[in-house]
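Read the structure below first, then the notes.
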Amino acid sequence: MTVADQAQRLRDLVKNEAVHTSSPVDPPPVLHRTTRSASGDAVHPPKPVAAPESRHSNTAPSLPEAGPKAHVIAVASGKGGVGKTNVAVNLGVVLAQLGKKVALVDVDMGLANADVICGVKAPYNLAHLIGPQKRKLREIAVDAPGGFKLIPGANGIGEMADLPTPMLDRLISHLTQIESQCDFVILDTSAGINSAVIAFAGMADTVLVVTTPEPTAVTDAYGLVKSVLKRTPLANLYLLVNQVENELQGKEVHQRIAMVARRFLQREVGFAGSIPYDKGVGLSVLKRIPFCIALPGARASLAVSHLGAALVRRTERADAVTPAHRRGFFARIGQWLGRARQPNG
């Protein structure tokens, strides 16, 4: 199957409602795209209106363009080693093949490696936006396999909250441009639980918490879920279970976390589905090729494809009830960081 054939197949998935019953992964519940204030409080959207048809082509976004605010997806995990970055990269591939303008921002300031999985050489990264070089965003962004833009992360520059104010302001200013250029912005966050991850997740339109069935991964995933929901009770949070033996195993992991969250947090955790264990995924990582490109017919690739199709279908519906003008994600992050630096913040 060629890349063009795969892209057409994915578009057919979006148009075909039968994906609800035939998909090997359960698509996430309806994603209500809420407008949030800087504090994370939700603002209820107006009544639905007819959704406009998408007119985007299957090309990587041209960074100087203007456009609507992007739907921001934060991909997070309670611990490392569960495939978070691999999921983020391959979701970017799928969404781009569906004709959406996509940017993946590697906001893992400590161990950024999305460029490695993409197999691209990135001469510059986020550090060059704020360092003495002061590179432009268009110089930082690179074309990633599958047709999306990758904004490489910067290893070793610490958390965003630790940056000097002038550097932080410049970084936020550049990142804000991305939202007006894309349909989707995927954030590959740091693994684990820290204030920046909790803020990213709480302010994103959709949060995918990636885990595996391994007990410590499940425990850490719940820890992240708990931290996010305590800060932002109305976060659109979904569990994605990676490397499962079968579909039932993924559902059982979700049910355990959802039951505990319901009991102790009085909150619901959605189920974004599961991704089967596939030896080919590991081989694709070694070859530095996203597995949705290298192995489009693999079970893992089909699972991510169906997840991407479900996300597109639901966000297009949600766009119909979202206010046309809302404060951008990165602007809210900048405001949050500004408050965090205040003595009583």
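Taken together, the values in this text are just the output of simple stated rules run on the coordinates, not laboratory data. What you see is a predicted model, and the numbers here were worked out from it, not measured in a lab. Cβ coordinates were reconstructed from backbone atoms using ideal geometry, including for glycine residues, and neighbour counts include every protein chain displayed.
Assorted remarks:
- Ascending count of other beta-carbon atoms within 10 Å, so fewest first, for T85, T232: T232, T85
- Within the straight-line cut-off of under 17 Å between alpha carbons, the lysines reachable from K84 are K279, sequence neighbours fewer than 8 places apart in one chain being disregarded.
- Computed about its Cα centre, the charge dipole of the range 228-318 is approximately 320 debye, with only Lys, Arg, Asp and Glu carrying charge at their Cβ.
- Estimated at 0.36 nm per residue, the fully extended path between R256 and V120 surpasses their Cα-Cα distance by 45.1 nm.
- Dimensionless Rg ratio for the range 119-254, taking C-alpha atoms and the 2.2 N^0.38 Å reference: 1.20
- Averaging over all projection directions, the Cα-based convex hull of the range 224-316 occupies 7.0 nm² in the image plane.
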